[in-house]
Amino acid sequence: MATITKRMMKSGLTYRIQVKMRDKGSGKYNTYSTTWKPPAGLSAKQIEREVVIYADKYENDLRMSLTASGGQGISPETLVSDYANWWLERRKDEVSASYYSNCKYAIADIVAAIGGYKLRELSPTIIQRFYDQLDKKEKIVKVVTAKPELRQAMKDEKLGFRKLRFEKDFNCCSLTAAVGGNKVSFEYAQRLADCLNRSIDSIFDVQVVREPYAYETMHKVKRTLRAILSTAKRQRIINDNYASADYITFPKRPAREIDYMNDEDAKKFYAAADACEDIRYKTAALILLLTGIRRGELCGLEWSNINFDESTITIARSITTVTGFGVVEKEPKTESSKREIAISEKLIRVLAEYKEWYEQYKKTVGDRWAGTDRIFISEDGNRIYPGTIDTWVHKICKAAGLPPRTVHSIRHTNITMQIAAGVPLVTVSGRAGHARTSTTTDIYSHFLKSSDKTAAEKIEKLFE
């Protein structure tokens, strides 16, 4: 029980509150203390009652903070901002770089809106209001594309693609996009304009637009807050997680727009990839189209993952880019993403052809070779920047007379073609690396309905 000592100070009447608690680890008793000054206008009896209430609360909060896994200093009085940052740093060594980075940006939004509240002050109303604000949040986007004057400026300054790439250290993928008239970031365009001694408006078209954030972007913020308060509840710092669906109304997830190629476009893409003179583009594009693996999984492939005798590819790792960390290697997206999938004889022949080129290229690089076993590599044999794969796919699309497609649209194309061909759903899901078959049905429900209708028609024909 707390010990309350009345003290008359120069500043007025105060009460010293002391609590002794036994540390279960060492068995020793530690003394904790605080000071309470009664508000003006209270009678003597009111002061006696209020100081006891305050002392009881101090003792309970102290006991809760000391028995929580967060240790001393964390209590219901802790600010949301302090607790969120403590939670993030505590998990830094437990999670992937990409998860840490996503949570870091999510916590910035959380702190900006409700960081000043104490944990005990949170309520469903406060959190619902924050979530509603997130759903209405918009961002200002600068859409930057190059004008024809960019190429002329490069000629005038005698700075060709290779000089900008290697001497001025401009990123290859973004430079390719800029020269090709595709979108680049404003910061990248500004740096390029400065290098060419031009104003950004003279060689780039800059449009400023407002648009809502993607549903998934805002949902990551909500998931992060829910995870933070879930930890606080497990530590018995708060009684309820008011960020959970038990208390909060979430907007309905919008229907997923699946970008994929129809049969004719897929055949054009396949033909263009097969005829491509650059063996790197050809091999990467055919692996994507014929296996449906993710971009990061493609970048993470090593020669040891190819079984030429059994005609299989093993997906064991993924490569991604993370803000603040650069290019990082991580585990595949889910445990089911670690998988071995069969590949066609055609793809085995292409890989064998590519390996011959690879070994010869390694000799030409000589001492500059980075010593990697990765299948897809940069100029010195180091691991490839994932965005480079997008550039290769765009070039194949251009050769095929198709609009640019994302690498993920190639994955969607592979999966939808399997479904259309009548491949069992469990096989489709396994090859895709989905954690559950339900994931496949949720994403590709439209195509499954089409297949279901075809099945009904075939059954009817059997009886006719």
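Could you name the lysines whose alpha carbon sits less than 26 Å from that of LYS10, not counting residues in the same chain fewer than 8 places away?
Qualifying lysines at Cα under 26 Å: LYS37, LYS45.
Could you please put SER26, SER336 in sequence from largest to smallest accessible area, using a 1.4 Å probe? Display every interim value, and only then the final one.
Details: SER26 75, SER336 45 Å².
From most exposed to least exposed: SER26, SER336.
Cα gyration tensor of the stretch 318-386, axes a ≥ b ≥ c as square roots of the eigenvalues: rounded (a/c below 1.5), prolate (a/b > b/c) or oblate? Spell out each step's value before the answer.
Numbers: a/c = 3.04, a/b = 1.10, b/c = 2.77.
Here the stretch 318-386 falls in the oblate category.
Past 31 Å, Cα to Cα: identify those pairs from LYS104/LYS398; LYS147/LYS267; LYS168/LYS282; LYS155/LYS395, in the order given.
In this structure, LYS104/LYS398; LYS147/LYS267 lie more than 31 Å apart at Cα.
On a C-alpha basis, how far is the centre of the stretch 223-281 from the centre of the stretch 400-450 in Å? Whole number, if you could?
Spelled out, the Cα-based centre of one part sits 15 Å from the other.
Stick to the Cα atoms of the stretch 134-176, pair each with every other, and give me the Kirkwood hydrodynamic radius in Å at one decimal.
Details: mean 1/r = 0.0786 Å⁻¹.
Kirkwood radius, the stretch 134-176: 12.7 Å.
Using a 1.4 Å probe on the protein heavy atoms, what percent of the accessible area of the chain belongs to carbon and sulfur?
Numbers: 12910 of 26250 Å².
Roughly 49 percent of what the probe reaches on the chain is carbon or sulfur.
Compute the distance from the alpha-carbon center of the stretch 174-198 to that of the stretch 318-372, in whole Å.
Using only Cα atoms, the two centres lie 29 Å from each other.
For the full complex of protein chains and a 1.4 angstrom probe, list GLU216, GLU345 by accessible area with the highest value first. Can you show the working numbers first?
Working: GLU216 65, GLU345 110 Å².
Result, largest first: GLU345, GLU216.
Return the aspartates and glutamates within reach of LYS20: Cα separation strictly under 12 angstrom, same-chain partners fewer than 8 residues apart disregarded; answer none if there are no such residues.
Output for LYS20: GLU59.
At 0.36 nm per residue, and after removing the present C-alpha to C-alpha distance, how many nm does the segment from LYS37 to ASP156 gain when stretched out fully?
Numbers: separation 119, 0.36 × 119 = 42.84 nm, distance 7.52 nm.
Extending this stretch completely gives an extra 35.3 nm.
Classify the chain from the C-alpha gyration tensor, please: rounded if a/c falls under 1.5, else prolate or oblate depending on whether a/b exceeds b/c.
Working: a/c = 2.34, a/b = 1.85, b/c = 1.26.
Here the chain falls in the prolate category.
In straight Cα distance, which lysines are under 20 Å from LYS338, not counting same-chain residues fewer than 8 positions off?
Within reach: LYS330.
For VAL80, what accessible area in Å² do you get when you roll a 1.4 Å probe over the heavy atoms of the protein chains, rounding to the nearest 10?
Spelled out: VAL80, probe radius 1.4 Å, area about 10 Å².
How far is helix 345-365 tilted, in degrees, relative to the longest principal axis of the Cα atoms in the chain, given as a value from 0 to 90 rounded to the nearest 10?
So the inclination is approximately 80 degrees.
Calculate, in nm to one decimal, what GLU331 and MET8 gain on full extension: separation in residues at 0.36 nm each, minus their alpha carbon distance. All intermediate terms of the calculation are to be shown ahead of the outcome.
Details: separation 323, 0.36 × 323 = 116.28 nm, distance 6.32 nm.
Length difference between fully extended and current span is 110.0 nm.
If ligands, DNA and RNA are left out, what is the accessible area of GLU48 with a 1.4 Å probe, given in Å² to the nearest 10?
The accessible area of GLU48 comes to roughly 120 Å².
At 1.4 Å probe radius, can you tell me the per residue accessible area of the stretch 127-283 in Å²? Display every interim value, and only then the final one.
Details: 9350 Å² over 157 residues.
On a per-residue basis, the stretch 127-283 sits at 60 Å².
TYR105: accessible area at probe 1.4 Å, nearest 10 Å²?
Its accessible surface works out to 130 Å², give or take rounding.
Would you rank ARG253, ARG339, ARG234, ARG91 by solvent-accessible area, highest first, keeping every protein chain in place and using a 1.4 Å probe? Display every interim value, and only then the final one.
Values: ARG253 110, ARG339 20, ARG234 170, ARG91 65 Å².
Output order, biggest surface exposure first: ARG234, ARG253, ARG91, ARG339.
Under 1.5 on a/c is rounded, so check that first for the stretch 168-222, then, if it is not, pick prolate when a/b is larger than b/c and oblate when it is not; a ≥ b ≥ c are the square roots of the alpha carbon gyration tensor eigenvalues.
Judged from the Cα gyration tensor, the stretch 168-222 comes out prolate (a/c at least 1.5, a/b above b/c).
Could you work out [θ]222 nm for the chain from helices alone, using -39500 (n - 2.57) per DSSP H run of at least four and dividing by all its residues? Round to the nearest 500 deg cm²/dmol. Write down the numbers at each step before the final one.
Values: 18 runs with 229 residues, N = 464.
Helix-only estimate at 222 nm: -15500 deg cm²/dmol.
The values are calculated or read from the model by the stated rules, or taken from the named source; none is laboratory data. Computed from a predicted structure; not experimentally measured. Ligands, DNA and RNA are stripped out before the accessible areas are found, and what is left, the full protein with its side chains, is counted by its heavy atoms. Shrake-Rupley method; radii C 1.70, N 1.55, O 1.52, S 1.80 Å.
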